[in-house]
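Have a look at the structure below before the remarks.
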Amino acid sequence: MTQHAPDHPPAAPLQDGFIAQVEGVRVDTRHWIGGRRVALATAGAEGAVATFTTISPIDESPLAEVCLGGSAEVDAAVAAAQAAFPGWAALSVQERSEILRRVADGIQARIEDLSRVETRDNGSLIRSHRRGVMPRVAMNFRFFADYAQDHLGHPDLTVPGRGHRERISYDPAGVVAIITPWNAPLMLATWRIGPALAAGNCVVLKPPEWAPLTASLLAEITHDAGMPPGVFNVVQGTGASAGAPLTRHPGINRLCFTGSVPTAGVIAAAAATNIVPLSFELGGKSPLVVFDDADLDLAVEIAVEQFDNAGQVCLKAARMIVHESIAQEFTRRVVDGAAKLTQGDPRDEATDVSALITRKHFEVVSGFVERAIADGARPLLGGGPNTDLGGLYFRPTVLVDAPEDSEILTEEVFGPVVTIQTFATEEEAVARANDSRFGLAATLVTGDRDRAERVSARLDAGTVWVNCFFVRDLEAPFGGNGKSGIGREGGVWSFDFYTDIKNSVFAPSGWKDN
Ligand code: NAD
């Protein structure tokens, strides 16, 4: 494997008051509430402002001291969103869409800044941010700005009843709370902020404590785009300090969460008490099923892609399920391909695999692999930390012979670790693929069209890719089955969630002018 030691100097936190310099980009570390930067003094702490440290996974160096929000900041943000809501909802769809298009332009203009800060903060590859992720972040606003005009801007849909006219309208719900994870912070936040705002709602975002910084830049961009104060708010903090009070807040009307299953259980309980509709995008343990009629080059290419973002991808195909007649060749080629990946500093364009997000997560991933090997799985590649690089770099790992039902085949590892299993019949392939409590995605590689139709229909997943991977239009639905989530977003499904759909039934007679 090619090594790429972090050769950029590990920077000490460069912070002047609330302004941090991250990769040469100025980042304000205060909350964004009601169109203003806010740093509240903590009650009982003699006027001190509580902060937390965000640490770069690249070299474990501290990056910034970020204001730590709590109930007071959440109350202020929800109040600001509620105050802004009537004015924002009263704008025409076209007026709102124009502002959202300016946000998209602002993101586009700052792709380099956003990429540099996100890469330093969460350790994802800069080349992915520059070329894929950040353009898609802009698209999350532009697409829903256009889509709202096509789908919410028309005169209300009317249906004839028994002589009655039934007018169906899509009214914005109010205040939308959005809580996001660290593996793709800005992408996962904006994919919900875009449609929520386009539909006329106001938003309070709680970004992840392990990678909070790009949310602050987004706040700046929305301000520069002329978004009215209070329409978009950011409260930083941990799950316990800011996330929990936001989920319990009586002023929120929708709750969107992307993250892990255990946290989802806690949040679902809060939403149940609050009686707030929720949308959950959770974990996965997705299969890649490769038939003996598959284009093997394509299958191997898709398999090696699974090490992207050091495997910290919810949609990752962690379980490779391969026809026994090609398993040996497939495995050899996947191991060869993964061994050639360059591991190192994600700021270098040549790097393919970076570091894990935190020391704690590194230990979680190491624990999974150690227990898998103790259970009988055999590592054909990797199996432990990259000792040449040190820090949080874990080697791409390919495991075979994992015992049926063992932890490594059932639990989400969220690291650069894949397993390979075999099957003899189509029936067995489907059964293995569906043998999971998750159901986020499934990928199928086959050269047989009929088989592609048949098997894709039987796979239990919100998204099934056939001879492709990781492509989806924003107009299509996205979400997970089983423990991978609740609800669907994307296209009209987003507007179904972010609006209160109303049916007004007009009697055919009784008008003064009848
Ligand atoms: P996590 O559940 O630990 O945290 C996610 C967010 O929830 C963070 O912002 C955190 O501060 C907040 N949070 C934690 N406790 C909370 C509480 N009690 N109340 C309110 N908020 C709370 O998840 P993570 O480790 O940050 O992310 C990794 C997980 O996210 C993986 O399971 C991954 O599969 C999943 N994920 C899913 C998708 C998807 O679209 N399905 C996308 C990305 C990541």
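The values are calculated or read from the model by the stated rules, or taken from the named source; none is laboratory data. Bear in mind the structure is a predicted one, so any value in this text is a computation, not a measurement. Cβ atoms come from the backbone with ideal geometry, glycine included; neighbour counts cover every protein chain shown. Side chains included, ligands, DNA and RNA excluded: accessible areas come from the protein's heavy atoms. Shrake-Rupley method; radii C 1.70, N 1.55, O 1.52, S 1.80 Å.
Summary of values
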{"read-out": "Set Phe280, Phe257: member being of a type outside the set (Val, Ile, Thr), within 15 Å of the ligand (Cβ to nearest atom), assigned to a strand (DSSP E or B) and surrounded by fewer than 24 Cβ atoms within 10 Å (Cβ to Cβ)", "value": "Phe280"}
{"read-out": "Filter pass, Val304 being in contact (Cβ under 8 Å) with a residue 12 or more places away in the chain and out of contact with any Leu (no Cβ under 9 Å at 6 or more places or on another chain)", "value": "no"}
{"read-out": "Of residues in the stretch 84-105 being of a type outside the set (A, V, I, L, M) and crowded, with 20+ Cβ neighbours inside 10 Å, the one nearest to Glu349 (Cα to Cα)", "value": "Ser97"}
{"read-out": "Filter result (buried (at least 18 other Cβ atoms within 10 Å of the Cβ), on the phi > 0 side of the Ramachandran plot and out of contact with any Gly (no Cβ under 6 Å at 6 or more places or on another chain)) within the stretch 463-514", "value": "Gly490, Gly491"}
{"read-out": "Residue check for Thr273: of a type in the set (Ser, Thr, Tyr), in a helix (DSSP H, G or I) and more than 9 Å from the ligand (Cβ to nearest atom)", "value": "yes"}
{"read-out": "Scan of the stretch 178-219 for residues that are over 18 Å from Ile252 (Cα atoms) and either polar (S, T, N, Q) or more than 16 Å from the ligand (Cβ to nearest atom) (or both), ordered by number", "value": "Asn183, Thr190, Thr214, Ser216, Leu217, Ala219"}
{"read-out": "Total residues in the stretch 436-487, condition over 29 Å from Phe143 (Cα atoms), of a type in the set (Gly, Ala, Ser) and part of a helix (DSSP H, G or I)", "value": "1"}
{"read-out": "The one condition in (1) open to solvent by 30 Å² or more (accessible area, probe 1.4 Å); (2) in contact with a strand residue (DSSP E or B) (Cβ under 9 Å, 6 or more places away or on another chain); (3) more than 16 Å from the ligand (Cβ to nearest atom); (4) under 25 Å from Val133 (Cβ atoms) that Thr351 fails to fulfil", "value": "(1)"}
{"read-out": "Any chance Val137 is open to solvent by less than 10 Å² (accessible area, probe 1.4 Å), assigned by TED's automatic domain parsing to the domain that holds His223 and touching a helix residue (DSSP H, G or I) at 6+ places or on another chain (Cβ under 9 Å)", "value": "yes"}
{"read-out": "Test: residue in the stretch 291-313 that is at pLDDT 95 or above, in contact with a Lys or Arg (Cβ under 8 Å, 6 or more places away or on another chain), in a strand (DSSP E or B) and crowded, with 20+ Cβ neighbours inside 10 Å", "value": "no"}
{"read-out": "Extreme residue, nearest to the ligand (Cβ to nearest atom), among residues of the stretch 220-248 that are within 19 Å of Asp113 (Cβ to Cβ) and of a type in the set (A, V, I, L, M)", "value": "Val234"}
{"read-out": "Residue satisfying condition, being open to solvent by 20 Å² or more (accessible area, probe 1.4 Å), within 16 Å of the chain's Cα centre (by Cα), at pLDDT 95 or above and of a type outside the set (Val, Ile, Thr), within set Trp182, Trp191", "value": "Trp182"}
{"read-out": "Check on Val159, modelled with pLDDT of 95 or more and more than 13 Å from the ligand (Cβ to nearest atom)", "value": "no"}
{"read-out": "Cβ pairs under 6 Å, 6+ apart, first in the stretch 328-349 and farther than 24 Å from Asp292 by Cα, second acidic (Asp, Glu)", "value": "Leu341/Asp352; Thr342/Asp352"}
{"read-out": "Residue in the stretch 31-48 that is in contact (Cβ under 8 Å) with a residue 60 or more places away in the chain, assigned by TED's automatic domain parsing to the domain that holds Trp182, closer than 16 Å to Arg116 by Cβ and open to solvent by less than 10 Å² (accessible area, probe 1.4 Å) present", "value": "no"}
{"read-out": "The stretch 214-253: number of residues that are assigned to a loop (DSSP other than H, G, I, E, B) and within 27 Å of Pro57 (Cα to Cα)", "value": "4"}
{"read-out": "Failed criterion for Lys483 (all others in (1) among the charged types (D, E, K, R); (2) within 24 Å of Ala377 (Cβ to Cβ); (3) in contact with a Pro (Cβ under 9 Å, 6 or more places away or on another chain) hold)", "value": "(3)"}
{"read-out": "Pairs where the first residue, in the stretch 251-264, is among the charged types (D, E, K, R) and the second is within 11 Å of the ligand (Cβ to nearest atom), C-beta under 8 Å, 6+ apart", "value": "Arg254/Ala177; Arg254/Ser279"}
